[in-house]
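Quick one: structure below, then a few questions.
The values are calculated or read from the model by the stated rules, or taken from the named source; none is laboratory data. Just so it is clear, the model here is predicted, and its values are computed rather than measured. Reconstructed Cβ throughout: ideal geometry from the backbone, glycine too, with neighbour counts over all protein chains shown. For the accessible areas, the whole protein counts, side chains as well, though only heavy atoms, and no ligand, DNA or RNA atoms are used. Shrake-Rupley method; radii C 1.70, N 1.55, O 1.52, S 1.80 Å.
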Amino acid sequence: STMRKRKTTDSPHSSTDLSEGEEKLRLKQEVGLISGVSLIAGTMIGSGIFMSPEWVLHHMGSPASSLLIWAACGLLAMFGALSYAELGTIIKESGGEYIYILRIFGSFPAFLFAYTSVILVRPAGLAAVCLSFAEYAVAPFYVGCSSPQVVIKCTAAACILLLTIINCLNVRLATSVMNIFTAAKLLALLVIVVGGVVLLAKGQTRSFQNAFENTTAGIGAVGVAFYQGLWSYDGWNNLNYVTEELKKPEVTLPRAVMIAIPLVTCLYLLVNVSYLAAMTPSEVLSSGAVAVTWGDKVLGSWAWLISLSVALSTFGSSNGTFFSGGRVCYIAAREGHMPDILSMAHVRCLTPSPALLFTSAMSLIMIISGSFTSIVNFFSFIAWFFYGMTISGLLYLKIKKPELPRSYKVPIIIPIIVLMAAVYLVLAPIIDQPQIEILYIVLFIFSGVILYFPLVRYKCHPRFLQKATLHLQLFLEVAPTTRDAN
């Protein structure tokens, strides 16, 4: 059958016996409903809402059309998350798109996803958020001039190293950081929302007069505007990466989605309205950091609060991205698609520390040469290609295997809409404004073929890798794990 059978016996890289075979090493189920909502909302609310509004407005041309894009992005994220919630109740394993593609389509496409995600997509996303954190964190020290790039990149690197320590030490510590920073960023957004309400009450509505004037209608421009908007919603699928660490995943997963995404969507719309109440569209477009400009205009001497809030927000988002991104690497290694050392967990902390360290190293490399805007566009292109593949897998299961047990079902029209949107988001920018970088990305994805057949299909593993794995295992104090029993 197309659904791949799970291994019934433990493979060498998926389990081990400790204390004479009586205990199995596994990750703890530490993520409840509040932490689940924080993981989704805390990852979604990052740098995007503070940096993307000007780009959405730039591509759409008018305030009203940009607000429609923000609302449509929220609806699309909600539809995608509800579809993923059903997949998470059918396939109760961590790993998100990777594990769904593996179980539905098989080993080869799953390896291409893991290869692309672990080497490029996740580290690039983390690098982009950490770079935006660094820009806001160092800005107060360089008043009146632009911050040196070397200082920004060193600060971003320090952020990644701090996140690595937090996530390697304890899952509960990482989720506590997530909860605290999510509360802080929600408070910051509420300050902007309340400021906007006060401005509207005073009659500052000139940005909303003739609000559809100069609207852009090109399919490519709309597609790129969606990319910038959806970057701010990225993280809607994060809970699916840690399904095995959820308490009662069949209940927690759908509930967390239904609470977090509508909350974030409403906040984003109100924050954009507040920006446009304080500034004209031309002022928004000329602002390098729209939230800081808003703070200067509305809060006066208290404007530093916005820079602090953005720094806190992006740090919390980085933590959520790092938390889930390391799990993709860990699960792919557990299934034999990555080196065995990455499938292991620390024997005392019970965290997938080798996978987290690898993700950290790749992100540090991305920081050296990364720029925020290019990372967002190409990250979105790859992400929606694989989102579309995953959603088509859900449609296959709904049509061909309706008998599979699932505690939650989404109406079939919802994944169909998400699939159509994914196809549009992948093809529209290519058709309207083809760029050579997209060809490079496609070539990178399929370069995984060179590695797949010798290393995964035919298992040609050099002997020195086994010795290196053993030495790293001893040095990092890690051991193989068993997957969750559900």
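Separation between the Gln209 and Leu476 pseudo-spin-labels, each 7 Å from Cα along Cα→Cβ, expressed in nm?
That separation, rounded to one decimal, is 6.2 nm.
Here is a follow-up. Positive end of the charge dipole of the chain (Lys, Arg +1 and Asp, Glu -1 on Cβ, about the Cα centre): tell me which of Ala72, Val271, Phe111 has its Cα farthest that way.
Working it through, the farthest residue towards the positive pole turns out to be Phe111.
Taking amide H atoms as placed 1.01 Å from N in the peptide plane, list the residues 5 or more away in sequence, or in a different chain, whose amide H sits under 5 Å from that of Ala345.
Correct list: Ala479, Thr481.
So what is log10(I(q)/I(0)) for the stretch 152-254 at q = 0.11, 0.12, 0.18 1/Å, when the Debye sum runs over its Cα atoms only?
-0.69, -0.79, -1.16
Restricting things to alpha carbons, tell me how big the stretch 33-477 is in terms of Rg and Dmax, in Å.
21.5, 73
Still on this structure, please answer the following. Against the empirical 2.2 N^0.38 Å scaling, what ratio does the C-alpha Rg of the stretch 32-127 come to?
Normalised by 2.2 N^0.38 Å, the Cα Rg of the stretch 32-127 equals 1.32.
On to the next question. If the only charges are +1 at each Lys and Arg Cβ and -1 at each Asp and Glu Cβ, what is the size of the charge dipole of the chain around the Cα centre, to the nearest 20 debye?
920 debye
At 18 angstrom or more along the helix axis (alpha-carbon based) and mean Kyte-Doolittle of 1.6 or higher, what helices does the chain contain? Whole DSSP H runs only.
Sorted by number, the helices that extend far enough and score high enough are 149-169, 171-201, 353-369, 413-432.
Restrict the search to the stretch 183-212; then list the trypsin sites (Lys or Arg not before Pro) that DSSP places in a loop and that have at most 15 other Cβ atoms within 10 Å of their Cβ.
Lys202
Here's something else I'd like to know. When all protein chains stay in place, what accessible area (Å², nearest 10, 1.4 Å probe) is found for Lys400?
140 Å²
Over the chain, average the accessible area per residue using a 1.4 Å probe and give it in Å², no decimals.
Each residue of the chain exposes 41 Å² on average to a 1.4 Å probe.
Something else: Which whole-number percent of Cα pairs in the stretch 286-376 have a distance greater than 19 Å?
Distances greater than 19 Å cover 58 percent of the Cα pairs.
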